[in-house]
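Chemist: I'd like to ask you about the structure that follows.
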Amino acid sequence: MRRMREEPAPRAEHGFIIRQMMVEDMPAVMALEKQAFKNPWSAELLQRELQHEWSTILLVEEPQGEGAPKLLGLAIFWVVHDEVHVLNVATAPEHRRRGVARAVMDEVLARGKARRCTLATLEVRRSNEAALQLYRSLGFRPVGIRPNYYVDEGEDAIVMVLDF
């Protein structure tokens, strides 16, 4: 186990199970990253995130009857002092528009509030209208632009902030 502090039990709101990633989840998470992004996170980067005390990777799963739950999405975030910084939100393409990202973001924000954070931040591609709509609906507001943030595509990021 990578953490000394107690983590909340897996939750099953929105019809999904939301739980913390474990090392054993790496193959499924890597497959999801490759499906969701042109430039997915590497296994090494994910492994490092699992080691950091300030980093959390949450998985969104759907029960599959008798079988193991199916991985639908994830979120990676940091809690540093009184701030939540969302690094990555991914949903499997075939499960988009089902509330997966909303469910995991609700959990990220709930965990930030529980740790007495006062602010949440994230960057989002200027062209990702679905994500922009989601973040606005959660109360995030745009506060700036990071030019050429997504270097491989030459795309700007919109910096968004949510005050708790």
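The values are calculated or read from the model by the stated rules, or taken from the named source; none is laboratory data. All figures in this text were calculated on a predicted structure; none of them were measured in a lab. Neighbour counts run over all protein chains shown; Cβ positions are idealised from the backbone, glycine included. Ligands, DNA and RNA are stripped out before the accessible areas are found, and what is left, the full protein with its side chains, is counted by its heavy atoms. Shrake-Rupley method; radii C 1.70, N 1.55, O 1.52, S 1.80 Å.
Chemist: So, in the range 127-136, exactly how many residues are under 15 Å from Asn88 (Cα atoms), open to solvent by 30 Å² or more (accessible area, probe 1.4 Å) and either touching a residue at least 24 places away in the same chain (Cβ under 8 Å) or charged (D, E, K, R) (or both)?
Modeler: Keep residues of the range 127-136 that are under 15 Å from Asn88 (Cα atoms), which gives 128, 130-132, 134-135.
Within this subset, residues satisfying the condition of being open to solvent by 30 Å² or more (accessible area, probe 1.4 Å) are 128, 130.
Going one step further and asking which of them are either touching a residue at least 24 places away in the same chain (Cβ under 8 Å) or charged (D, E, K, R) (or both), we end up with 130.
Qualifying residue count, the range 127-136: 1.
Chemist: Of the residues Trp54, Trp78, which is farther than 20 Å from Val124 by Cβ, open to solvent by 50 Å² or more (accessible area, probe 1.4 Å), touching a strand residue (DSSP E or B) at 6+ places or on another chain (Cβ under 6 Å) and of a type in the set (Phe, Trp, Tyr)? It would help to see each step written out before you state the result.
Modeler: Numbers: Trp78 fails: farther than 20 Å from Val124 by Cβ.
The match here is Trp54.
Here is a yes/no grid of residues against (1) modelled with pLDDT of 95 or more; (2) over 21 Å from Glu107 (Cα atoms); (3) open to solvent by less than 40 Å² (accessible area, probe 1.4 Å):
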position: His14; (1), (2), (3): no, no, no
position: Ile18; (1), (2), (3): yes, no, yes
position: Met21; (1), (2), (3): yes, no, yes
position: Asp25; (1), (2), (3): yes, no, yes
position: Ala28; (1), (2), (3): yes, no, no
position: Leu32; (1), (2), (3): yes, no, yes
position: Phe37; (1), (2), (3): no, yes, no
position: Pro40; (1), (2), (3): no, yes, no
position: Glu49; (1), (2), (3): yes, no, yes
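Chemist: Mind checking whether some residue in the range 147-162 is closer than 24 Å to Met22 by Cα, touching a strand residue (DSSP E or B) at 6+ places or on another chain (Cβ under 6 Å) and either without any contact (Cβ under 8 Å) to a residue 60 or more places away in the chain or buried (at least 16 other Cβ atoms within 10 Å of the Cβ) (or both)? Walk me through how you get there before you give the answer.
Modeler: Quick first cut of the range 147-162, residues closer than 24 Å to Met22 by Cα only: none.
The answer is no; no qualifying residue exists.
Chemist: Then there is this: Check Gly154, Gly65, Gly139 and return the single one that is on the phi > 0 side of the Ramachandran plot, modelled with pLDDT of 95 or more and not acidic (Asp, Glu).
Modeler: Details: Gly154 fails: modelled with pLDDT of 95 or more; Gly65 fails: modelled with pLDDT of 95 or more.
Going through Gly154, Gly65, Gly139 in turn, just one is on the phi > 0 side of the Ramachandran plot, modelled with pLDDT of 95 or more and not acidic (Asp, Glu): Gly139.
Chemist: What do you reckon, is Val60 of a type outside the set (D, E, K, R), open to solvent by 20 Å² or more (accessible area, probe 1.4 Å), in a strand (DSSP E or B) and out of contact with any Lys or Arg (no Cβ under 8 Å at 6 or more places or on another chain)?
Modeler: Numbers: of a type outside the set (D, E, K, R): yes; open to solvent by 20 Å² or more (accessible area, probe 1.4 Å): no; in a strand (DSSP E or B): yes; out of contact with any Lys or Arg (no Cβ under 8 Å at 6 or more places or on another chain): yes.
No, not satisfied.
Chemist: Restrict the check to the range 118-128 and report whether at least one residue is aliphatic (A, V, I, L, M) and either at pLDDT below 95 or part of a helix (DSSP H, G or I) (or both). Spell out the reasoning first.
Modeler: Step one: filter the range 118-128 for residues aliphatic (A, V, I, L, M), giving 119-120, 122, 124.
Narrowing further to those that are either at pLDDT below 95 or part of a helix (DSSP H, G or I) (or both): none.
No: zero hits.
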